[in-house]
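Note sheet for the following structure.
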Amino acid sequence: MRDPQGVTAEAVTKKLVEVLEKCELFVENLKSFVSDGASVMMGKTNGVAARLKGLNKFIVNFHCICHKLALACGDSGDQINYIKDVETTLTSIWKFFQYSPKRTNVFVLIQMQLSKLNLPDQGKKVLVTKIQKACCTRWLSLHQSVISVHKNFEASLQTFQFLEKDPLALGLYKKAKSPKFIGAVYMFTRVLPILTELSKTFQSSALNFGRVKPALDYYTQTQLTSQKDSHQFLDDLEWDLNEGGRLGRIGITLSDQDKRVILALNEKYISALKQNIEQRFGDCLNVFSCFHVFNPMELPNRDSPEFKDYGIASMKVLANHYYQDSKCREQETDELLSEWNKFKFDMLK
């Protein structure tokens, strides 16, 4: 694995071990490893964190949570060829307008005709700005790209058709005017808001460690499972494609085979998302979540019934992780619990 500057994970790991040894420290003594979101650090099998974990299984790896989520989403797209193709097409649509004022002007005129609006020049500028900035490349801002294409799908198709002498426009027209493609766009409109909401939770300026696991295990996984079992996005698409619907003029009809293909894509994509989120966060999530007990704001009042047992379960998880190879594991766990019970009173002050 190599970062954009050409530095390999192997070289970074080797240098880190050398620096530790010069400081008379050793990898065996490390308790945690914290890094930014660089792929050279975060690679699941060959990244620096994974290599250090191979040298010391007690290390808890902390990375940028939002980057972990982005990588989980990216992994899912890479595993399903058509999803990757849709993401590439969305990026191409954004670039198609981003780098050509002429194409953008045609797009704006067609939007005005469809909306029967006579916007002033200032209105046109605002509209063009929104079009250019709406579609973005991978990362969770893919959500904004989907919102833009979903909202302006008919105008986009008509623009591509009007500019059919442009090979890129013709290629995008053929790709976009496909039941499977528009089905994927509608699927994204239901799935991506779940991930966006999770990302916003992680971007909080005061993130509570104890809320990471519930957000992942309960909210996100439950919501994704619900979306996997729901056909609502397909019902929305059929309604819009009906005569008189929002997209009734574009001439796309869904056959029973199209519906089966779209639903299969939805199930496969969400299954991949759930699996990759679990893999990206599962390596240290239980240990990571336990550190929330050190937040004084979470500590119950001394007179509260919860005070006595507060943090005991988390201390046991930490002991299970750090004392797993100890010959005096039970004794050290008891000592840790005794120290914790004393420390709670220190935190009250």
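We did not get these values from a lab; they are worked out from the coordinates using the rules stated. Because the structure is a prediction, the values reported are computed rather than measured. Note that each Cβ is placed from the backbone with ideal geometry, even for glycine, and that neighbours are counted across all protein chains shown.
Rank these for me by crowding, PHE181, PHE162, going from fewest to most other beta carbons within 10 Å. Please list the in-between numbers first.
Numbers: PHE181 21, PHE162 16.
So the residues, fewest neighbours to most, are PHE162, PHE181.
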For this session: Indicate the helices, whole DSSP H runs only, in the chain that combine a mean Kyte-Doolittle hydropathy of 0.0 or more with a Cα extent along their long axis of 18 angstrom or more.
Result: 9-22, 65-79, 101-115, 179-202
Exercise. In whole Å, how far is the Cα centre of segment 288-333 from that of segment 13-28?
Worked result: 30
Exercise. If you stretched the chain out fully between GLN144 and SER178, how much longer would it get, using 0.36 nm times the residue separation minus the C-alpha to C-alpha distance?
Worked result: 10.1 nm
Problem set entry | Which label in (i) 22; (ii) 39; (iii) 31 gives the computed percent of Cα pairs over 36 Å apart | (ii)
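As a check on your grasp of the helix formula, calculate [θ] at 222 nm for the chain: sum -39500 (n - 2.57) over DSSP H runs of n ≥ 4, divide by the residue count, round to the nearest 500. Numbers along the way, then the final one.
On the way: 17 runs with 225 residues, N = 349.
That calculation yields -20500 deg cm²/dmol at 222 nm.
Can you compute the FRET efficiency between HIS321 and ILE80 using 1/(1 + (r/R0)^6), with r the Cβ-Cβ distance and R0 = 35 Å? Round to the nearest 0.05. Could you put the intermediate results ahead of the total?
Working: r = 34 Å, r/R0 = 0.98.
E between HIS321 and ILE80, to the nearest 0.05, is 0.55.
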Exercise. Using a Gaussian network for the chain with springs between C-alpha atoms less than 10 Å apart, which of these wobbles most: SER156, SER115, SER76?
Worked result: SER115
Exercise. In terms of modelled amide H atoms, which long-range or inter-chain residues lie less than 5 Å from the amide H of LEU247?
Worked result: LEU241
For this session: Between THR88 and SER304, with labels modelled 7 Å along Cα→Cβ, what's the label distance in nm to one decimal, could you check?
Result: 5.4
Exercise. Within the chain, what's the longest stretch lacking GluC sites (Glu not before Pro) that sit in DSSP loops with no more than 13 other Cβ atoms inside 10 Å?
Worked result: 25-163
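Within the set of other residues whose C-beta is less than 14 Å from the C-beta of LEU265, count the net charge using Lys and Arg as +1 and Asp and Glu as -1. All intermediate terms of the calculation are to be shown ahead of the outcome.
Working: positive: LYS84, LYS180, ARG190, LYS228, LYS259, ARG260, LYS268; negative: ASP85, GLU87, ASP258, GLU267.
Neighbourhood net charge equals +3.
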Problem set entry | Long-range amide H partners of SER32 with built H, under 5 Å | VAL60
Problem set entry | Sites matching chymotrypsin sites (Phe, Trp or Tyr not before Pro) across segment 40-108 that sit in DSSP coil, with at most 11 neighbouring C-beta atoms within 10 Å | TYR99
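In percent, what relative contact order does the chain have, based on Cα pairs under 8 Å that are 6 or more apart in sequence? Please report the intermediate quantities before stating the final value.
Values: 348 pairs, mean separation 50.2, N = 349.
Result for the chain is 14 percent.
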For this session: Select from LYS15, LYS213, LYS228 the residue whose mean-square fluctuation is largest in a Gaussian network model of the chain (Cα-Cα springs shorter than 10 Å).
Result: LYS15
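Direction-averaged shadow area of the convex hull around the Cα atoms of segment 214-324, nm²? Before the final figure, lay out each step's value.
Details: hull surface 46.4 nm².
Orientation-averaged projected area of the Cα hull: 11.6 nm².
Express the C-alpha Rg of segment 299-348 as a ratio against the empirical globular expectation 2.2 N^0.38 Å, rounded to two decimals.
1.23
About the Cα centre of the chain, what is the dipole size in debye to 20, counting +1 per Lys and Arg Cβ and -1 per Asp and Glu Cβ, all else neutral?
Here the size comes out at about 1240 debye.
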Seminar exercise, completed: Stretched fully, the stretch from GLN275 through ARG249 gains (0.36 nm per residue minus C-alpha distance, one decimal, in nm) 5.5 nm
Seminar exercise, completed: Expressed as a whole-number percentage, the relative contact order of segment 299-348 with C-alpha contacts under 8 angstrom and at least six residues apart is 40
